[in-house]
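A short worksheet on the structure shown next.
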Amino acid sequence: MSTTRRKYAPRLPAGQRRDQVLDGALALIAEGGFDALTMEAVARRCGVTKPVVYEIFANRAEVIAALLEREAARATAQVLEAIPEGLDERSPEDLYTDTVRAFVHAVVESPDRWRLVLLPPEGTPVEFRQQVERVRAQVTEQVNALADLGLKAMGGPDLDAELLGHAMLALAEMAGRLVITDPDRFPPDRLVAFVGRIAHSLPRS
């Protein structure tokens, strides 16, 4: 008769266990979309039993709600940290390039989070998409303001600052998507170098 005892996951403080469960849920969504997220799958991913997961979240809906709230807050903090509040001693071209560099590296550090933001899978709740759009609108305002300051500092060219800001944001988002979907073909250095060349191609007066 076997006397082997089942190994149990070590007890963690509630906050750490909660983050562990949410990390597991995020990884499942990144790999298989929201359909892959079940309480059993989360438990298996975290190496714990289902009762451990149920001690923290009553059901799948609670896991998803908590996960999306956490990831929206963390993504917002990362992107706002990457955007400078105004011009500094760097040229406008270098400032924008450095901003995109910081953003791309944030994406590389947290690819599952940014896949959810930049490439939301089927089944992503409407509330999360709306939250992303609200943050994007806030970021767009800041980027547009920087574009306006940059054009003035450069003494031209005669470009629409608002449209330039939208183009700058779209280029950064494109870089983020490419480094997620094909990081070997589009590594950060290649993406940032391209952005820098685009920025420095704008004529000065």
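Rule-based calculations on the coordinates, nothing more; no lab input. All values derive from a computational prediction rather than experimental measurement. Backbone-built Cβ (ideal geometry, glycine too); neighbour counts: all protein chains shown.
Using the Cβ-Cβ distance between Arg190 and Glu89 with R0 = 30 Å, the FRET efficiency computed as 1/(1 + (r/R0)^6) comes to roughly 0.65.
Under a Gaussian network description of the chain, with springs only between Cα atoms under 10 Å, the residue in Leu171, Leu118, Leu159 that fluctuates furthest is Leu159. Here the range 69-200 is treated with +1 on each Lys and Arg Cβ and -1 on each Asp and Glu Cβ, and its dipole about the Cα centre works out to around 320 debye. Where is the GNM fluctuation largest for the chain (alpha-carbon springs, 10 angstrom cutoff): Val143, Val100, Val48? Per the Cα network of the chain with a 10 Å cutoff, Val48 tops the list.
How long are the three semi-axes of the equivalent ellipsoid of the range 12-58, in whole Å, if each is the root of 5 times an eigenvalue of the C-alpha gyration tensor, listed from largest down?
On the way: eigenvalues 60, 23, 13 Å².
For the range 12-58, the ellipsoid semi-axes come out as 17, 11, 8 Å.
Only one item in [x] 48; [y] 54; [z] 41 matches percent of Cα pairs over 25 Å apart derived from the coordinates shown, and that item is [x].
Can you figure out the FRET efficiency of Gln16 with Arg197, using R₀ = 45 Å and their beta-carbon distance, to the nearest 0.05? For Gln16 and Arg197, the calculated efficiency is 0.50.
Taken as Cα centroids, the range 105-144 and the range 158-205 sit 17 Å apart, rounded to the nearest whole angstrom.
Between the DSSP loop rule and a limit of at most 14 other Cβ atoms within 10 Å, which GluC sites (Glu not before Pro) in the range 17-101 are left? Qualifying residues, ordered by number: Glu85, Glu89.
Using only the alpha-carbon atoms of the range 141-205 as identical scatterers, what base-10 log of I(q)/I(0) does the Debye formula give at q = 0.12, 0.19, 0.24 Å⁻¹? Here log10 of I(q) over I(0) equals -0.35, -0.75, -0.99. Once the Cα atoms are used to define both axes, helix 161-181 deviates from the longest principal axis of the chain by about 40 degrees.
In degrees between 0 and 90, to the nearest 10, how far off the longest principal axis of the chain does helix 126-154 point, with axes built from Cα atoms? Tilt relative to the chain: about 30 degrees. Once the Cβ-Cβ distance of Ala145 and Asn59 is raised to the sixth power relative to R0 = 41 Å, the FRET efficiency obtained is 0.45.
Restrict the search to the range 82-116; then list the trypsin sites (Lys or Arg not before Pro) that DSSP places in a loop and that have at most 13 other Cβ atoms within 10 Å of their Cβ. Present the calculation step by step, with values, prior to reporting the outcome.
Numbers: sites: Arg90, Arg101, Arg113, Arg115; in loops: Arg90.
Answer by residue number: Arg90.
Comparing Pro125, Pro13, Pro84 in a Gaussian network model of the chain where C-alpha atoms under 10 Å apart are linked, the largest mean-square fluctuation is found at Pro13. In the chain, the longest principal axis of the Cα atoms and the axis of helix 92-109 are about 10 degrees apart. Our coupling estimate for the range 110-124, obtained by passing each phi through the Karplus curve with A = 6.51, B = -1.76, C = 1.60 and θ = phi - 60°, is 9, x, 5, 4, 6, 5, 5, 7, 8, 9, x, x, 4, x, 5 Hz, Gly and Pro reported as x.
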